[in-house]
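> This is the structure I want to talk about, given as structure tokens.
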Amino acid sequence: MDITTTATKFVEYYYKVLDSENREALKSFYSSLQKPQEQKISFQLTPAVQIVSHMTFEGENVDGEDIFKMLNQLPKVQHTYEHLDVQSGLNNSILLNVMGEIKIEDQPVSVLFTETFFIMQKDNSWIITNQIFRFANAH
């Protein structure tokens, strides 16, 4: 599967689940926040490589499991994306930039948004290592 197809399927699934009552299914996309463990190898201390998800939501940084907690606190939303730009990265990673509209419950009009994901494969599935969300308003 090419990266554009993979990115499209990822975005469609991600927003479908985020917009649903079953946000629990998004948990597998985020790696927990854990401090790297030091391992003694050949008399040298080296940190073990661990993937920790990072998100910036409207300028606020959130890491690991706190991302999922924050997403669960969001009101009911409905995303429609208009543009998806995709680039390949190292080690089969993918950089995605999404632009679209988000309808927030009880709000009369949709709001423009942009969201960037950096995803990579881990154990035959995709995880979000970095994510940036911003409302695209004039302020």
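> How large is the dipole of the range 95-139 about the Cα centre if only Lys and Arg carry +1 and Asp and Glu carry -1, each at its Cβ, rounded to the nearest 20 debye?
My answer is approximately 160 debye.
> In nm², what is the average projected area of the convex hull enclosing the Cα atoms of the range 59-139?
Average projection, Cα convex hull of the range 59-139: 6.6 nm².
> I would also like to ask the following. Using a 1.4 angstrom probe on the protein heavy atoms only, could you order R134, R23 from most to least accessible area?
R134, R23
> Now for a different question. Between Q121 and D19, how high is the FRET efficiency from 1/(1 + (r/R0)^6) when r is the Cβ-Cβ distance and R₀ = 30 Å? Nearest 0.05.
Details: r = 25 Å, r/R0 = 0.83.
Taking R0 as 30 Å, the efficiency between Q121 and D19 is 0.75.
The values are calculated or read from the model by the stated rules, or taken from the named source; none is laboratory data. Note that the structure is a prediction, hence the values are computed from the model and not measured. Cβ atoms come from the backbone with ideal geometry, glycine included; neighbour counts cover every protein chain shown. Surface areas here come from the heavy atoms of the whole protein model, side chains and all, with no ligands, DNA or RNA. Shrake-Rupley method; radii C 1.70, N 1.55, O 1.52, S 1.80 Å.
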